[in-house]
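Each remark here refers to the structure printed beneath this line.
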Amino acid sequence: MVTTRIYTELQHFPPNFGIVAILAIYLMVLSAIASLLQGWALKGRSFVTVTGKGFRPRIISLASGRYVVAAMIWLYLVLTVVGPVTIITAAAFSPFTWSGKFTWANIIFLWTSEDVRSTLWNSVVITIIAATATTVLGFVASWITVRTRMAGREILQFVVLLPMSIPSLAFALGVSFFWLWMPWSVYGTIWIIIIGLIGRYLSIPCERSAAA
C-alpha cells in the first residue's frame, strides 16, 4: 500500500522526504480524480435525507441463532475494546511491560511531575482551540459550498477534502516544512500543532454540516 510505503520511508535515517512527498502527491491526485468523478456522477441530482420518524422497527426473530450472534458481538467487543483497555490499564500500574507486578508509582509520578502536568494542560488547550476552530471553519466552508453561488466554491471543497487523502505523518511533515519558511514564529509552539489539526480534520465538520 502507498500509505505503508510512506511510513516505511519515514523510518529510514535520514528519512526519504522526497519519496514521501511524491507518494503524498500521488494520493492527492487520486483523491482529486475521485472527487471530480463523484461530482460529475451526482451533477444535477437532488437528494432528500430520509429520517427515522416515519420508520417503525421490526423485530427479527433469531431463534437459537441469537446465541451465535451474541457470541460474535461479545467476541468483537473483547478483541477491540475490552482487551486493549485492559492491557493499557495493566501497563499503567506495572513497573515494566508484562512484569506481572503492579505499583502505584506511575500514578504518583503522573500527579507530581511538572512535565506531565504541562503536557496535559497543553493537550487540553490544543484540543479546545483546534476543535472549536475546526468546527467553525467547517461550518463556514460548507455554507459557502452549499448555500452560495460563489465562484470557485468547488475548488474550496477540493482543498478542504485533500488533507484526508494524505497520511498523517506526511501531512505533518508538509505543515512543518511550510511554516519553517514563513516569517511568523509558530514552529516549535503549540500553534503549529493546532494549525495542522485544523487542516487535517477540517473536512469532517464540513461534510457533516453540508449533509445537514
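Below are the figures for this structure:
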| quantity | calculated |
| --- | --- |
| For the chain, size of Cβ-based charge dipole, Lys and Arg +1, Asp and Glu -1, in debye | 1020 debye |
| Least to most buried among TYR201, TYR67 (fewest other Cβ within 10 Å first) | TYR67, TYR201 |
| Choice from ILE88, ILE59, ILE128 with maximal GNM fluctuation in the chain (Cα, 10 Å cutoff) | ILE59 |
| Theoretical FRET efficiency, 1/(1+(r/R0)^6), r = Cβ-Cβ of LYS43 and VAL116, R0 45 Å, to 0.05 | 0.25 |
| Whole-Hz couplings from phi, Karplus 6.51/-1.76/1.60, listed for region 106-123; x for Gly and Pro | 5, 5, 5, 4, 4, 8, 10, 7, 5, 4, 5, 5, 5, 5, 5, 5, 4, 5 |
| Phi to ³J(HN,Hα) by Karplus 6.51 cos²θ - 1.76 cosθ + 1.60 over region 69-74, Hz, x for Gly, Pro | 5, 4, 5, 5, 5, 5 |
| The chain: calculated mean residue ellipticity at 222 nm from DSSP helix runs of at least 4, using -39500 (n - 2.57) | -22000 deg cm²/dmol |
| Reported label for calculated volume of the Cα convex hull per residue in Å³ given (i) 182; (ii) 252; (iii) 118 | (ii) |
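Here, each number is a calculation from the coordinates, and none is a lab measurement. If you're wondering where the values come from, they're calculated on a predicted model, not measured in any experiment. Methodologically, a virtual Cβ is constructed for each residue, glycine included, from the backbone with ideal geometry; neighbour enumeration extends over all protein chains shown.
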